[in-house]
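Input: a single structure, listed below in structure tokens.
The values are calculated or read from the model by the stated rules, or taken from the named source; none is laboratory data. These numbers come from a predicted model, not from an experiment. Here the Cβ is made from the backbone with ideal geometry for all residues, glycine too, and neighbour counts use every protein chain on show.
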Amino acid sequence: MTLKIVKDAPSDKGPRLPIVSIDGPAGAGKSTAARLLAYRLGFLLIDTGALYRVLALKALEEDVSLADGAALARLAARLDIQFGKLEIRNEGEIPRLPVFCNSSDVTDSIRVPELGMAASNVSKLPEVREALLSLQRKYGDTGGIVMEGRDIGTVIFPDADVKFFLTASVESRARRRWDELTLSGADIQLEQVIGETRARDDQDSNRAISPLKQASDATLIDSTSRSLDDVVGEMASTVRTRCHK
Ligand code: DC
């Protein structure tokens, strides 16, 4: 698909390709939809939840308290976090997003369930958000990115060219997560996953700084009773309509 350059870059580097933001609560299918959309568009994918996860992982490894904002910000300054190109190893697979920290591959280690809440804990600290803000904006310098998170359309890129807010009912989000966990061998009750999903929603939506919130100009997509294909199809055609020559 051909994409028009829709806005001038704020720097002197000339015009840039579009920035697409996808925000929403945990488990709405954001990460999978973002991967498929970015792959389809040939854009880079920046998964900002991964930044908070890497920081939490390194803090646990280095015995830095998850409540010490200043120490976490100092730790963040030492981390070089890079995203690789989306890759599909077998036909029909969801693309894999390689994540590196200081040249080590942390793609799988940041996905363990405990790091979800640990990332949520560090993400509510103002010093941490401040430390990761300029890094996130830097990824957008050249455009041609899909960036997913909680505050992309509201705080990181309020002028993003196309914004989505992807949500689904708590029960359906928890059930998806439970399916994934049990499939990978975890012994966990659905009720526990529903409780954890509510707790994380509550923490992400009610924190003082950059809470999870739909931007007023974001397209709302409720994935509760829709297939992934359908959701990604709507996103791709919205981007096409807004950015096509
Ligand atoms: O999307 P995720 O589950 O990988 O994100 C992990 C945590 O990081 C999530 O609970 C909230 C936080 N987060 C955030 O505060 N802001 C973002 N832009 C992305 C994630």
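Could you tell me which numbered condition Ala199 fails, if it satisfies all but one of (1) assigned to a helix (DSSP H, G or I); (2) surrounded by 15 or more Cβ atoms within 10 Å (Cβ to Cβ)?
Of everything listed in (1) assigned to a helix (DSSP H, G or I); (2) surrounded by 15 or more Cβ atoms within 10 Å (Cβ to Cβ), Ala199 misses just condition (2).
Quick check on my filter: what residues within region 202-236 are assigned to a loop (DSSP other than H, G, I, E, B), more than 16 Å from the ligand (Cβ to nearest atom) and under 30 Å from Gly144 (Cβ atoms)?
Of the residues in region 202-236, the ones assigned to a loop (DSSP other than H, G, I, E, B) are 207-218, 223-227.
Applying the additional criterion that residues be more than 16 Å from the ligand (Cβ to nearest atom) yields 216-217, 224-227.
Answer for region 202-236, where residues must be assigned to a loop (DSSP other than H, G, I, E, B), more than 16 Å from the ligand (Cβ to nearest atom) and under 30 Å from Gly144 (Cβ atoms): Ser216, Asp217, Arg226, Ser227.
Anything in region 126-138 that is within 12 Å of the ligand (Cβ to nearest atom) and either buried (at least 20 other Cβ atoms within 10 Å of the Cβ) or at positive phi (or both)? List them, or say none.
Val128, Arg129, Leu132
Determine the pairs where a residue that is over 20 Å from Pro211 (Cβ atoms) and of a type in the set (Val, Ile, Thr), located within region 156-174, has a partner that is at pLDDT 95 or above and assigned to a helix (DSSP H, G or I) with Cβ atoms under 8 Å apart, the partner being 6 or more residues away or on another chain.
From residues that are over 20 Å from Pro211 (Cβ atoms) and of a type in the set (Val, Ile, Thr), the pairs are Val162/Thr238; Val162/Val239.
When region 72-94 is examined, which residues are found to be of a type outside the set (Lys, Arg) and without any contact (Cβ under 8 Å) to a residue 12 or more places away in the chain? Break it down stepwise before answering.
In the first step, residues of region 72-94 are kept if they are of a type outside the set (Lys, Arg); the result is 72-73, 75-77, 79-84, 86-88, 90-94.
Matches in region 72-94: Glu87, Asn90, Glu91, Gly92, Glu93.
Would you point out the residue of region 139-171, among those that are assigned to a helix (DSSP H, G or I) and closer than 18 Å to Asp204 by Cα, that is farthest from the ligand (Cβ to nearest atom)? Lay out the reasoning, then the answer.
The initial filter retains those residues of region 139-171 that are assigned to a helix (DSSP H, G or I), namely 139, 152-156, 170-171.
Adding the requirement that they be closer than 18 Å to Asp204 by Cα leaves 152-156, 170-171.
Numbers: Ile152: 6, Gly153: 10, Thr154: 10, Val155: 8, Ile156: 7, Val170: 14, Glu171: 18 Å.
It comes out as Glu171.
Tell me, which helices (runs of 4 or more DSSP H) wholly within region 1-91 include 3 or more residues that are more than 14 Å from the ligand (Cβ to nearest atom), modelled with pLDDT of 95 or more and crowded, with 22+ Cβ neighbours inside 10 Å? Let's see the steps before the verdict.
Details: elements: 30-41, 48-61, 69-77.
It comes to 30-41.
Check off (1) closer than 19 Å to Cys243 by Cβ; (2) small (Gly, Ala, Ser); (3) modelled with pLDDT of 95 or more for Ala168 and give me the number that stays unchecked.
Ala168 satisfies all of (1) closer than 19 Å to Cys243 by Cβ; (2) small (Gly, Ala, Ser); (3) modelled with pLDDT of 95 or more except (1).
Using beta carbons and a limit of 9 Å, which pairs, at least six apart or on different chains, have the first residue in region 95-123 and without any contact (Cβ under 8 Å) to a residue 60 or more places away in the chain and closer than 22 Å to Ala73 by Cβ and the second one away from the ligand (no atom under 11 Å from the Cβ) and among the small types (Gly, Ala, Ser)?
Val99/Gly84; Phe100/Gly84
Of all residues in region 92-135, which are more than 15 Å from Ile46 (Cα to Cα) and part of a strand (DSSP E or B)?
Ser104, Asp105 - these are the residues of region 92-135 that are more than 15 Å from Ile46 (Cα to Cα) and part of a strand (DSSP E or B).
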